[in-house]
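The values are calculated or read from the model by the stated rules, or taken from the named source; none is laboratory data. Just so it is clear, the model here is predicted, and its values are computed rather than measured. Here the Cβ positions follow ideal geometry from the backbone for every residue, glycine too, while neighbour counts run over all protein chains shown. Remember, those area values only see protein heavy atoms, side chains included, never the ligands or the DNA or RNA. Shrake-Rupley method; radii C 1.70, N 1.55, O 1.52, S 1.80 Å.
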Amino acid sequence: MPKLTFEVPWSALCSDNRKFLSGKFILTSEYRDSKKAIGLYALAACKKAKWKRAKGALKMVVCVTEPDHRKRDLNWQKNCNDGITESESVWWDDSQVRDARWYFSGTVDKQTAGAVITVETL
């Protein structure tokens, strides 16, 4: 089963912070910047691994290492999927992700905080 793994630093992660204004959702600049950064990390990983853009069903596992002990929710999925989709390198559409698991590593480390993302074909 082909597998792609790459890291996204904490500074590039952003929760789904869309704002609802005047009857429509507005993406914040933080969200747009995060989405772009995640796409660039995904694209670089694809080039390095010679990953061919997947067509079928995929599994995605994301392990998040936190920089501190604050309470957090795992609410980065939409932004992360949007960024990967925007990279036009991992998959054609995030609807291909049929099995997804997000979890905290259990480790708190300011130096290595971020997410390790693994995508594989099913």
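Could we say that Leu74 is farther than 21 Å from Leu122 by Cβ, in contact with a Phe, Trp or Tyr (Cβ under 7 Å, 6 or more places away or on another chain) and at pLDDT below 95 here?
yes
Scanning the range 73-88 for residues that are within 14 Å of Cys63 (Cβ to Cβ) and among the hydrophobic types (A, V, I, L, M, F, W, C), which turns out nearest to the chain's Cα centre (by Cα)?
Within the range 73-88, the match that is nearest to the chain's Cα centre (by Cα) is Cys80.
So which residues in the range 86-112 are in contact with a Cys (Cβ under 9 Å, 6 or more places away or on another chain) and assigned to a loop (DSSP other than H, G, I, E, B)?
Passing the criteria: Ser87, Ser89, Val90.
So in the range 89-122, with the set limited to residues that are touching a residue at least 40 places away in the same chain (Cβ under 8 Å) and over 17 Å from Val61 (Cβ atoms), which one is most open to solvent (accessible area, probe 1.4 Å)?
Lys110
Within the range 38-78, work out how many residues are in contact with a Gly (Cβ under 8 Å, 6 or more places away or on another chain) and either of a type in the set (S, T, N, Q) or more than 12 Å from Phe6 (Cβ to Cβ) (or both).
Looking only at that region, the number is 2.
From the set of residues in the range 45-57 that are touching a Ser or Thr at 6+ places or on another chain (Cβ under 9 Å) and in a helix (DSSP H, G or I), which is surrounded by the fewest Cβ atoms within 10 Å (Cβ to Cβ)?
Lys47
Inspect all residues belonging to the range 73-81 and state whether any of them is surrounded by 13 or more Cβ atoms within 10 Å (Cβ to Cβ), free of Cβ contacts under 8 Å to residues at least 60 places away in the same chain and in a strand (DSSP E or B).
Within the range 73-81, none of the residues are surrounded by 13 or more Cβ atoms within 10 Å (Cβ to Cβ), free of Cβ contacts under 8 Å to residues at least 60 places away in the same chain and in a strand (DSSP E or B).
Which of the numbered conditions does Val97 fail, given that it passes all the others? Conditions: (1) under 12 Å from Val8 (Cβ atoms); (2) at pLDDT 95 or above.
Tallying (1) under 12 Å from Val8 (Cβ atoms); (2) at pLDDT 95 or above, Val97 fails exactly one: (1).
Within the range 14-25, is there a residue that is open to solvent by less than 40 Å² (accessible area, probe 1.4 Å) and either at pLDDT 95 or above or of a type outside the set (Ser, Thr, Tyr) (or both)?
Yes, the range 14-25 contains at least one residue that is open to solvent by less than 40 Å² (accessible area, probe 1.4 Å) and either at pLDDT 95 or above or of a type outside the set (Ser, Thr, Tyr) (or both).
Which one of these is assigned to a strand (DSSP E or B), of a type in the set (S, T, N, Q), under 26 Å from Gly106 (Cα atoms) and open to solvent by less than 40 Å² (accessible area, probe 1.4 Å): Thr5, Thr65?
Thr65
Of all residues in the range 18-51, count the ones that are free of Cβ contacts under 8 Å to residues at least 12 places away in the same chain and not hydroxyl-bearing (Ser, Thr, Tyr).
Qualifying residue count, the range 18-51: 11.
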